[in-house]
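These notes are about the structure you will find just below.
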Amino acid sequence: MTTYKWFVYYKDQLLVEQQTNGFHIPIGVEPPVKVPIGSTIHNIGTLQDIPCKAYAIHIPISGEEAPIRQMVGLRASYDMLPFEEYKQAGKAFQILNWDQNTRYCPACGVPTKQISDIGKKCPECRQEFYPHISPAIIVRITKGDSVLMVRAKNFRGTYYGLVAGFLEAGETLEECVHREVMEETGIRIKNLKYFGSQPWPYPSGVMIGFTADYESGEIKLQEEELCAGAFFHKENLPELPGKLSLARKLMDDWLDT
Ligand SMILES: [Zn+2]
């Protein structure tokens with residue numbers, strides 16, 4: 001009998017379970033909640049050598065099970081789960097989202113068939129469908145002891161972030177960084193360097209982080225997207241983004257040096 005880690009979602013809410021050492025993804029031989037008719041159980045790889053499965057439920061678990069078992073948003077689960085379980089939960093969410101959005105071929109309208117853990121195929125036109133991942137860049141721009149931070153209109157809360165944006169068709173990542181910085185702030189940058197990347201399953205992104213130095217130009221904010229933005233001195237920073245974001249890792253890296 002095989003034991004699995006079970007990633008169970010109701011919409012964007014993830015099932016977590018309190019164990020003796022804090023919250024975890026439920027583990028066991030059988031699914032922790034009845035699998036609804038029509039819901040596919042997906043294999044999503046292994047975590048610490050334990051195979052992982054994911055499925056969607058149509059009704060959240062009853063509140064009476066709280067606090068032992070509860071449904072939490074993926075972002076909130078970052079503060080509750082060990083990091084590796086949070087990361088795998090993001091993968092599970094992307095696979096379930098893909099499954100939900102590829103039930104029919106967009107060209108033929110017929111039901112697709114699953115051909116692998118992450119592949120589906122249209123039986124009519126033979127087109128194949130894999131999880132879409134949308135790349136976005138994010139860049140930390142420094143000028144001496146100051147860093148460029150911006151506040152997007154769609155940010156929840158009161159924190160500031162870094163210049164970021166989605167890759168466009170036909171663009172290199174480097175071109176994307178230069179374009180986004182110019183569009184959002186009107187400045188030129190130099191010494192662009194790769195920093196690191198991070199899956200961003202909200203719902204299907206990957207963030208690709210860079211660092212750069214200010215080169216020239218006056219800040220002129222793109223008013224449709226940003227409500228504030230400026231170079232802030234190290235000693236006088238606004239509220240930083242949350243720990244789970246690559247923006248914060250870029251900031252912490254800068255503050256540590
Ligand atoms: Zn088709």
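The values are calculated or read from the model by the stated rules, or taken from the named source; none is laboratory data. Just so we're clear, the structure is a prediction, and the values are computed from it rather than from any experiment. Because the Cβ atoms are built from the backbone with ideal geometry, glycine has one as well, and the counts that use them run over all protein chains shown. Each accessible area value is taken on the protein alone, full model and side chains, heavy atoms only, with ligands, DNA and RNA left out. Shrake-Rupley method; radii C 1.70, N 1.55, O 1.52, S 1.80 Å.
So the values come out like this:
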quantity: Acute angle (nearest 10 degrees) that the helix 173-185 long axis makes with the longest principal axis of the chain, alpha-carbon atoms; calculated: 60
quantity: The chain, helix-only ellipticity at 222 nm - DSSP H runs n ≥ 4, -39,500 (n - 2.57), divided by all residues, nearest 500; calculated: -5500 deg cm²/dmol
quantity: Net charge over other residues, Cβ less than 9 angstrom from the Cβ of GLN222 (K, R count +1; D, E count -1); calculated: -4
quantity: Antiparallel %, DSSP beta bridges [both residues in the chain], to 5; calculated: 75
quantity: Aspartates and glutamates with Cα under 20 Å of LYS190, excluding same-chain neighbours fewer than 8 positions away; calculated: ASP145, GLU171, GLU174, GLU175, GLU180, ASP213, GLU215, GLU218, ASP253
quantity: Mean projection area, nm², convex hull over Cα of the chain; calculated: 17.3
quantity: Label zone at ILE68, where the point sits 7 Å out along the Cα-to-Cβ direction: the range 11-31 residues whose backbone N lies under 19 Å; calculated: 15-31
quantity: HIS58, HIS42, ranked by accessible area, largest first (probe 1.4 Å); calculated: HIS58, HIS42
quantity: Among ALA230, ALA107, ALA92, residue whose mean-square fluctuation peaks in a GNM of the chain (springs only between Cα atoms under 10 Å); calculated: ALA107
quantity: At most 13 other Cβ within 10 Å, DSSP loop - GluC sites (Glu not before Pro), the range 130-220; calculated: GLU168, GLU218
quantity: Spacing of the two label points (7 Å from each Cα toward its C-beta) at ASP145 and TYR159, in nm; calculated: 2.5
quantity: Span from the the range 198-257 Cα centroid across to the the range 10-48 one, whole angstrom; calculated: 34
quantity: Inter-centroid distance (Cα atoms) of the range 67-136 relative to the range 171-186, Å; calculated: 29
quantity: Aspartates and glutamates with Cα under 13 Å of LYS153, excluding same-chain neighbours fewer than 8 positions away; calculated: GLU184, GLU223, GLU224, GLU225
quantity: Longest segment of the chain lacking trypsin sites (Lys or Arg not before Pro) that sit in a DSSP loop with at most 16 other Cβ atoms within 10 Å; calculated: 35-102
quantity: ASP79 paired with GLU225, simple spin-label distance in nm, labels 7 Å along Cα-to-beta-carbon; calculated: 2.8
quantity: Relative contact order of the range 136-257, pairs being alpha-carbon contacts under 8 Å that are 6 or more residues apart, as %; calculated: 34
quantity: With every protein chain in place, the chain: carbon and sulfur % of accessible area (1.4 Å); calculated: 51
quantity: Per-pair calculated FRET efficiency, R0 = 22 Å: ASP213 and THR257 via Cβ, rounded to 0.05; calculated: 0.95
quantity: Local net charge near GLN127, Cβ-Cβ under 12 Å (Lys/Arg +1, Asp/Glu -1); calculated: +2
